[in-house]
1. Checking residue 154 against (1) crowded, with 18+ Cβ neighbours inside 10 Å; (2) of a type outside the set (Lys, Arg); (3) over 27 Å from residue 258 (Cα atoms); (4) touching a Lys or Arg at 6+ places or on another chain (Cβ under 7 Å): exactly one of these is not met. Which one?
2. Any idea how many residues of segment 476-531 are more than 26 Å from residue 205 (Cα to Cα) and not charged (D, E, K, R)?
3. Pairs, please: C-beta under 8 Å, at least 6 apart or cross-chain, first residue under 24 Å from residue 271 (Cβ atoms) and in segment 359-386, second modelled with pLDDT of 75 or more and among the basic types (Lys, Arg)?
4. Failed condition for residue 193, given (1) buried (at least 21 other Cβ atoms within 10 Å of the Cβ); (2) at positive phi, with all others met?
5. Among 458, 513, 451, which is the only one that is more than 22 Å from residue 413 (Cα to Cα) and surrounded by fewer than 21 Cβ atoms within 10 Å (Cβ to Cβ)?
6. Which condition breaks for residue 43 when tested against (1) more than 16 Å from residue 201 (Cβ to Cβ); (2) modelled with pLDDT under 95; (3) not aliphatic (A, V, I, L, M)?
7. In segment 187-204, what count of residues is obtained for those that are hydrophobic (A, V, I, L, M, F, W, C) and either touching a residue at least 60 places away in the same chain (Cβ under 8 Å) or outside the structural domain of residue 255 (by TED's automatic domain parsing) (or both)?
8. In the set 396, 429, which member is assigned by TED's automatic domain parsing to the domain that holds residue 476, at pLDDT below 95 and farther than 29 Å from residue 263 by Cα?
Amino acid sequence: MNLRTRWTPGVALASLLLASAPAMPVDAEERGSDAAFESALSGWDLAEARRLAEVAPTPAATRLRLGLVAVYEADYAAAEAILTTVLADPDLGAADRNDAEHHLALARGAQRALGEAITVRSEDGSVEAVFAHRKDVLLAPYLFEAMAAARRELDPMIGVTPDHRIRFEFLDNPAKLAMVTPLSVENIRTTGTVGVTKYRRVMMITPRVMLHGYGWLDTAVHEYVHYLLTMRTHNQAPVWMQEGLAKLLETRWRRNAPPPLDPGVAHRLHSAIVRDELVELEQMYPSVAMLPSAELASLAYAEVETMLGLLHERRGSAGLSRMLDVVDQGRAAEVAIAEAWGASFDDFMTAWKRTTRARTRQAEGGELRSPKFADEAGSTGPAPLGDVFSHLGGGRARQFARLGALLEARDHPEAAVLEYEKARKADARAHGDPALCRRLGRIYVDLGDHEAAVPVLEIAAQSEPEDANLAADQGRALLMTGKRSEAKAALARAIRINPFIPALHCDLAELAEDEPTRERERLACDDAPGP
């Protein structure tokens, strides 16, 4: 998630997704000026920003600048101490007071949000993970592995490599994310926002506090794409371009091509193109998270992902590079797209609409999938018996399936299996029904009949590939039937959605190919934290 606000004197919010390459050069006569300091800070050139703070025209300006730099350095206690003294100066100007108050609130909010945080660094020192809750330290090794893969793929593709440690902060409450970003709790809950990049760091909500987890590793890489793009363009890429590339490339660390759009999203995108009801690119500023509904946010992401996807498909990495070069020159994003495309921006948009409309024509409507916070989800139990298999119609298959659900609820798994299998034999649609296969596969795993579990769980997983519990069951069944490589793939899918499933780590320990990994997973198996 890219939150973007241009830095201007007196504006409380500084640029929220800023470059970490050195800022654009400034003339010697400007050094020591507010403009030069702001350029260095917004460019994440903290060494230069600190130097300019030391040569500020007044002691008060020096203190203010050092306080702002401390926020970017994540030295929140020092920032609070410095900025408190700055605000005690009765002669402080209105613009400087606004900046000091905002950054002081940020420093204090970060300290409250993180509390007695635990910090873990990757072995090569390139990534730092800071956890507000000790249970979330479990995430560290998987984050580091994904980031190593992401850096190998994305740094050369985007054309920039950070020369400093990348900081991730994992928070355990949406209110804490609101403490350290311009987003309100309502924004976060409405759009399901779980990650934000700003002030030279990435802030994310742990999957532990989500109802069913979420694609947290893809989100981490999504945010890293923002990080690189801001460096690459010196923070000049607009929100829609940032989000389009971040969505397009968020899975690049684990697969060569992006996954297809969710059917429900594809259907809505098709309808929006046909009805001319697209989210305008300007509406995405300053953040997609500030759109009024999760549906509009999903539509916005789908629009810009497929736009940049078409450019990459037709013009390749060279096209993306040309686009970023033009943006880095300070020219309009539409001009950058046109130069990369080889025709006007209107021509590109016409081609995109025509292509996307054709590709989404067969998409069926459905409920949108978005992360849900566990504390607002209500009951998480199974649906009422009368509704569990209503989609099967009113025939014998549904009757058998409902009886199976009743027996399952009353803890008669063997009898439930018999009824579920009767349902599958009674009707061809029921035979491949994902909901029925999921229940049946879960029971087979519990009963230890892993051979029977494998085929039905495969059917269920094809329908719900982002369900961590289903992936964990599938991994167990595959492992126990000797399909080790397939088991590893299923368990990896579960890890990137919700690693707080204890059985996952027991099975990963069995699959480990080296002793350090085996020992790590054994420890997690013995003491895997729950929600």
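1. Only one criterion is unmet by residue 154, namely (3).
2. Counting residues in segment 476-531 that are more than 26 Å from residue 205 (Cα to Cα) and not charged (D, E, K, R) gives 12.
3. 365/268; 368/268
4. Tallying (1) buried (at least 21 other Cβ atoms within 10 Å of the Cβ); (2) at positive phi, residue 193 fails exactly one: (2).
5. Within the list 458, 513, 451, the selection yields 513.
6. Residue 43 satisfies every listed condition except (1).
7. We begin by selecting, within segment 187-204, every residue hydrophobic (A, V, I, L, M, F, W, C); these are 188, 194, 196, 202-204.
Pick out the ones that are also either touching a residue at least 60 places away in the same chain (Cβ under 8 Å) or outside the structural domain of residue 255 (by TED's automatic domain parsing) (or both) and you get 188, 194, 196.
Looking only at that region, the number is 3.
8. 396
The values are calculated or read from the model by the stated rules, or taken from the named source; none is laboratory data. Computed from a predicted model, the values in this text were never measured in an experiment. Don't worry about glycine lacking a Cβ; one is built from the backbone with ideal geometry, like all the others, and counts go over all protein chains shown.
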